[in-house]
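Read through the structure below, which is laid out as structure tokens, and then see the notes.
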There are 2 protein chains.
Amino acid sequence: MEVTAEVTGPLAAFVAGCRWSDLPEAVRKEAKRSLVNVVATSFAGCNEPAIVKAIAGLRPFGAAGNASVIGRAERLDALGAAFVNAMSANVFDFDDTHPATIIHPTAPVAPALFAYAETYGLSGEDLLLGFALGAEALCRIGNAVSPGHYRRGWHITSTCGVFGAAVATGKVLKLDQQQLVWAIGNAAVQTGGLVETLGTMTKSISVGNAARNGMLSALLARDGFSGPARPLEGERGFLRIATDAPKLEAVCDGLGERWELLTNTYKPYPCGVVLNPVIEACLALAADERLAVAEIAGIEITGHPLLRERTDRPGVRSGREAQVSAQHAVAVSLARAKAGLPEFSDAAVADPALRALGSKVAFKDDDSYAVDAARVSIRLRTGATLEKFVEHAYGGPARPMADADLETKLRQLAEYGGVRRELAPLIDALWSLERAADVAAVMALARSDAASRP
Amino acid sequence: MEVTAEVTGPLAAFVAGCRWSDLPEAVRKEAKRSLVNVVATSFAGCNEPAIVKAIAGLRPFGAAGNASVIGRAERLDALGAAFVNAMSANVFDFDDTHPATIIHPTAPVAPALFAYAETYGLSGEDLLLGFALGAEALCRIGNAVSPGHYRRGWHITSTCGVFGAAVATGKVLKLDQQQLVWAIGNAAVQTGGLVETLGTMTKSISVGNAARNGMLSALLARDGFSGPARPLEGERGFLRIATDAPKLEAVCDGLGERWELLTNTYKPYPCGVVLNPVIEACLALAADERLAVAEIAGIEITGHPLLRERTDRPGVRSGREAQVSAQHAVAVSLARAKAGLPEFSDAAVADPALRALGSKVAFKDDDSYAVDAARVSIRLRTGATLEKFVEHAYGGPARPMADADLETKLRQLAEYGGVRRELAPLIDALWSLERAADVAAVMALARSDAASRP
């Protein structure tokens with residue numbers, strides 16, 4: 001096995017040396033879009049049982065702190081807030097997706113920086129720079145262990161997320177190269193997370209840990225808490241044990257020239273991304289006045305084989321399962337002409353009419369389809385056929401979500417999460433974050449007063 | 001792949017149902033021996049830089065708490081104390097060894113219970129029962145993923161340790177079977193730790209996390225924080241992704257009949273266990289009045305090939321490396337007739353006379369040797385040969401350390417760690433722990449007053 005390639009050192013040197021002025025405008029913008037989206041999904045999740053239980057469970061062990069829980073009134077110590085905000089950001093898997101790895105890059109990274117900002121003070125510019133570098137490190141480490149790592153069963157957002165939080169926090173701490181190597185090493189021993197736990201509360205623990213432990217990794221490294229020289233590429237380093245076929249060069253090739261963050265995508269629907277084109281097609285068909293749902297005899301969906309492999313899931317029993325069920329997604333978007341979180345709730349799943357409609361779905365594999373394409377063909381009892389083809393799903397790399405739609409998502413998810421406060425100041429502050437002298441003031445706009453909770 | 005075997009459920013049922021009266025006397029005794037040993041090694045480590053830095057680093061984020069840091073004056077919140085005490089217990093790898101897996105079983109498990117006891121109250125009997133069950137779960141899960149898991153590069157004490165702490169804490173919380181399954185699932189997403197980090201401070205983070213996160217896993221499970229039904233044996237459960245060839249049956253076969261804790265061993269020297277017979281032989285030779293170190297022409301050590309593979313390490317540069325260097329171990333034990341922590345310090349390694357002596361060591365592989373056997377043969381310049389054969393090293397499964405030697409180890413390591421307090425009351429309390437109404441009173445005997453520190 002090749003053991004001479006250097007990975008951690010060069011990555012750390014790049015992070016240590018990168019300045020705000022080195023960050024292309026498009027990267028700065030994408031960083032802000034990622035933050036708008038993560039605040040949106042944190043609003044959606046902030047009232048979920050997993051988050052409420054985590055706050056209550058950690059409270060006896062945490063210091064009094066200044067760090068906000070997005071969408072809630074509690075304030076926690078920095079590590080606790082990083083943990084909880086990462087959980088709520090990702091609890092519905094409605095957060096962003098790095099297409100090459102299926103990593104949700106912002107949930108493990110941004111909450112560490114938010115908590116840091118409210119505890120130690122941080123400008124918007126420094127936060128955005130730290131975020132961009134943390135997300136970059138996370139996605140590149142993810143690239144290096146993909147696709148084997150996730151396929152083996154590791155929840156890659158969690159296992160690689162801790163590196164993102166460590167690098168991001170390390171950058172805002174202004175760590176030097178050696179300290180960043182230590183921070184990455186400290187993160188490398190905190191890489192838990194299992195695909196087996198998807199759809200359960202337990203999944204959120206590892207996502208929360210990624211943010212918390214990454215932050216702690218950098219704080220300890222600042223204080224001289226030292227580790228091995230090559231935690232990623234060493235003979236028993238993370239990259240080599242995370243997968244049988246690591247691509248070490250993926251970590252550093254083109255650093256500063258090619259930004260993974262520019263490939264980040266945001267979901268219009270709270271579902272597995274392979275369902276995006278299917279739902280988009282169904283919503284278009286639902287708007288067609290020729291369609292009467294009661295008259296549907298059969299529904300055929302054509303797509304890349306991955307669509308069937310990941311989403312052929314009839315008879316789901318929970319909202320979480322419904323998020324990766326084509327049967328449910330098709331039925332609910334046709335019948336209700338909507339595909340938001342309420343449409344993927346436990347209550348929606350319990351509707352027998354949707355089950356009946358979903359049972360009419362048949363898959364047709366077509367290798368010639370890209371994963372962001374799908375065709376939905378509906379046969380009516382009259383014999384007529386209605387059909388919709390989506391070549392590139394909205395929200396995917398080819399048709400990124402518009403800024404305005406990210407704002408709408410934030411407003412809708414605040415409502416879903418029961419966060420009642422004026423949102424315009426928050427949205428404005430996020431879009432102009434690089435001009436914020438103190439991010440703590442922005443975070444204050446994302447809190448909810450206890451009194452205003454539903 | 002076999003996916004029907006049930007593992008987590010039966011393990012949880014056994015743990016939930018096991019009572020103090022079900023625990024054989026030998027298991028109760030071994031549990032106490034494990035605790036004496038872990039307090040000893042915690043004393044040794046409590047003043048190490050990694051521990052001091054961890055306490056300082058965590059302090060701003062932790063609540064005021066009652067939980068002791070063994071050998072020190074600070075008191076922390078329960079999660080923080082569990083973290084720190086597990087670190088110090090294992091920082092020198094001088095803690096116990098489960099021979100079948102090379103797991104150090106007590107460091108991740110006991111600190112969670114100590115912290116629990118001081119926070120919520122716990123009798124000695126309940127602590128010992130929780131400890132025995134936690135250590136059992138840990139070692140059995142370790143058996144199920146050995147030897148592939150450690151060989152791949154996972155630090156098995158950390159990765160499997162979190163299950164031990166979760167089960168132990170779950171037992172003292174009196175969780176039912178379902179809650180224990182959730183606790184094990186919550187632990188299953190917190191399985192970090194890399195062999196790559198051995199010999200660095202970073203290693204201690206994952207050991208600390210095992211105790212802390214295992215404890216948190218059980219506390220969350222008590223509050224209904226739920227997870228998958230089969231976190232260990234599921235298609236993408238821990239056992240299946242931890243190694244290519246899991247032995248699922250190893251987790252539950254003979255539960256309650258065969259106790260892994262009874263195979264636990266304690267180190268007489270702060271070194272890799274394969275060095276035990278070598279050091280024992282060298283200490284015997286050092287006591288031989290015919291030996292003059294200056295007259296040594298050559299040293300041959302004969303043993304199982306594993307001895308050479310793990311310890312042929314000339315020219316080491318730190319005490320940590322010296323712990324797995326036959327060259328250093330042979331030299332120092334011959335030259336100084338001692339083999340304690342001072343003999344495996346950075347200072348000892350810097351002694352050029354020891355380097356020169358170590359350079360005279362030659363290995364001879366002999367497959368017929370057991371791993372706990374070794375022969376050391378010294379050729380003098382006079383032509384004479386001195387030789388010592390150790391068939392079964394002291395401290396190994398065949399010749400367990402005596403209780404009195406564990407006491408001596410505790411006293412010596414307290415001195416090494418600079419813990420100045422009367423130790424007899426602590427030793428007595430540990431040997432009679434099952435009669436303690438409140439373990440907090442025992443832990444008070446393991447603290448050091450700030451004033452008494454060196």
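The values are calculated or read from the model by the stated rules, or taken from the named source; none is laboratory data. Since the model is a prediction, treat every value here as computed from it, not as a measurement. Here Cβ is always computed from backbone atoms with ideal geometry, including for glycine, and neighbour counts include all displayed protein chains. Ligands, DNA and RNA are stripped out before the accessible areas are found, and what is left, the full protein with its side chains, is counted by its heavy atoms. Shrake-Rupley method; radii C 1.70, N 1.55, O 1.52, S 1.80 Å.
Computed from Cα atoms, the angle from the helix B:78-90 axis to the main principal axis of chain B rounds to 20 degrees.
Along region B:311-319 the Karplus relation, 6.51 cos²θ - 1.76 cosθ + 1.60 evaluated at θ = phi - 60°, assigns HN-Hα couplings of 10, 6, 9, x, x, 5, 10, 9, x Hz to successive residues, with x for each Gly and Pro.
Once the convex hull of all Cα atoms in region B:1-115 is built, its volume per residue stands at 167 Å³. Here the gap between A:Ala370 and A:Glu309, fully extended at 0.36 nm per residue and compared with their Cα-Cα distance, gives a gain of 20.5 nm.
Using only the Cα atoms of region A:318-388, each taken as one equal point scatterer with no solvent, compute I(q) by the Debye sum, divide by I(0), and report log10 of the ratio at q = 0.15, 0.19, 0.23 Å⁻¹. Listed by q, the Debye log ratios stand at -0.54, -0.83, -1.08. For region A:129-216, taking the reciprocal of the average inverse distance between every pair of different Cα atoms yields a Kirkwood hydrodynamic radius of 12.8 Å. Distances from A:Glu391 to itself in the other copies, using label points 7 Å out along the Cα-Cβ axis, amount to 8.4 nm in increasing order. Listed by chain and number, the aspartates and glutamates placed with their C-alpha closer than 15 angstrom to that of B:Lys203 are B:Glu48, B:Asp93, B:Asp95, B:Glu321; residues fewer than eight positions away on the same chain are left out. Under 15 Å of direct C-alpha separation, and excluding same-chain neighbours fewer than eight residues apart, B:Lys174 reaches these aspartates and glutamates: B:Glu125, B:Asp126, B:Asp223. Within the same chain, lysines fewer than 8 places from A:Lys388 are excluded, and of the rest, those with a Cα less than 23 Å from its Cα are A:Lys267, A:Lys338, A:Lys360, A:Lys364. Scaling the Cα radius of gyration of region A:287-340 by the globular reference 2.2 N^0.38 Å produces a ratio of 1.20.
The interface between chain A and chain B buries about 4900 Å² of solvent-accessible area in total (1.4 Å probe, ligands and nucleic acids excluded). Dividing the Cα radius of gyration of region B:247-291 by its Kirkwood radius returns 1.30 for Rg/Rh. Computed on the Cα trace of chain A, the radius of gyration divided by the Kirkwood hydrodynamic radius gives Rg/Rh = 0.98.
Beta bridges from DSSP with both residues in chain A: antiparallel share about 75 percent, rounded to the nearest 5.
The amide H of A:Asp438, built 1.01 Å from its N in the peptide plane, has A:Gly124 as neighbours under 5 Å, considering only residues 5 or more places off or on other chains. Between region A:263-302 and region A:60-94, the alpha-carbon centres lie 34 Å apart. When both bridge partners sit in region A:297-454, DSSP labels roughly 70% of those beta bridges antiparallel. Each peptide in A:240-252, A:70-82, A:209-221 was scored by the mean count of other Cβ atoms within 10 Å over its residues; highest first, the order is A:209-221, A:70-82, A:240-252.
Mind pulling the angle between the C-alpha long axis of helix B:156-172 and the longest principal axis of chain B? Nearest 10 degrees, somewhere in 0 to 90. Orientation of helix B:156-172: about 40 degrees from the principal axis. Only beta bridges with both residues in region A:270-386 are counted; by DSSP, about 60 percent of them are antiparallel. Take each residue of peptide B:201-212, count the partner chain Cβ atoms within 10 Å of its Cβ, and average: the result is 5. Taking the Cα atoms of region A:383-454, the ratio Rg/Rh between the radius of gyration and the Kirkwood radius comes to 1.19.
Would region A:167-236 count as rounded, prolate or oblate if I go by the C-alpha gyration tensor, calling it rounded below 1.5 in a/c and otherwise prolate when a/b exceeds b/c, oblate otherwise? It is oblate, given that a/c is not under 1.5 and a/b is not larger than b/c. Taking Cβ atoms as reference points and 14 Å as the exclusive limit, the residues near B:Arg381 contribute a net charge of +2, counting Lys and Arg as +1 and Asp and Glu as -1.
Our note on the geometry: Cα centres of region A:164-217 and region B:353-381, 44 Å apart.
Remark on A:Arg72: its backbone amide H falls under 5 Å from those of A:Ser448, a criterion applied only to residues 5 or more positions apart or on other chains, H modelled at 1.01 Å from N. Annotation for region B:381-431: trypsin sites (Lys or Arg not before Pro) lying in DSSP loop with at most 11 further Cβ atoms inside 10 Å of their Cβ are B:Arg381. Heavy-atom surface analysis with a 1.4 Å probe gives chain A a carbon and sulfur content of 50 percent of its accessible area.
Here the protein assembly as shown is treated as an ellipsoid with the same Cα gyration tensor; its semi-axes, largest first and in whole Å, are 52, 28, 27. Here each label is just a point 7 Å from Cα along the line to Cβ, and for B:Asp449 and B:Ala100 those points are 4.7 nm apart. With coordinates expressed along the principal axes, the C-alpha atoms belonging to region B:111-156 extend over 40, 16, 9 Å, beginning with the largest. The HN-Hα couplings worked out from phi for region B:173-179 by the Karplus form 6.51 cos²θ - 1.76 cosθ + 1.60 (θ = phi - 60°) are 7, 6, 5, 8, 4, 4, 5 Hz, whole numbers, x standing for Gly and Pro. Taking a ≥ b ≥ c as the square roots of the eigenvalues of the alpha-carbon gyration tensor, region A:334-454 is classed oblate because a/c is 1.5 or more while a/b is no larger than b/c.
Remark: region B:76-177 is approximated by an ellipsoid whose semi-axes, taken from the C-alpha gyration tensor as √(5λ), come to 23, 15, 10 Å, largest first. Taken about its Cα centre, chain B carries a charge dipole of about 980 debye when Lys and Arg each add +1 at the Cβ and Asp and Glu each add -1 at the Cβ.
When A:Gln178 is represented by a point 7 angstrom out along its Cα-to-C-beta vector, the spacings to that point in the other copies are 5.5 nm, nearest first. 3J(HN,Hα) couplings calculated from phi for region A:37-42 with the Karplus curve 6.51 cos²θ - 1.76 cosθ + 1.60 (θ = phi - 60°) are, in sequence order, 5, 6, 5, 4, 6, 5 Hz; Gly and Pro show x. The reciprocal of the average 1/r between distinct C-alpha atoms defines the Kirkwood hydrodynamic radius, which for region B:353-405 equals 13.6 Å.
Computed on region B:140-284, the Cα convex hull volume stands at 130 Å³ per residue. Each copy carries a label point for A:Pro60 at 7 Å from Cα toward Cβ; from one copy, the others' points are 2.7 nm away, ordered from shortest.
Distances between placed amide hydrogens fall under 5 Å for A:Thr191 paired with B:Gly192, B:Gly193, all partners being 5 or more residues away or on another chain.
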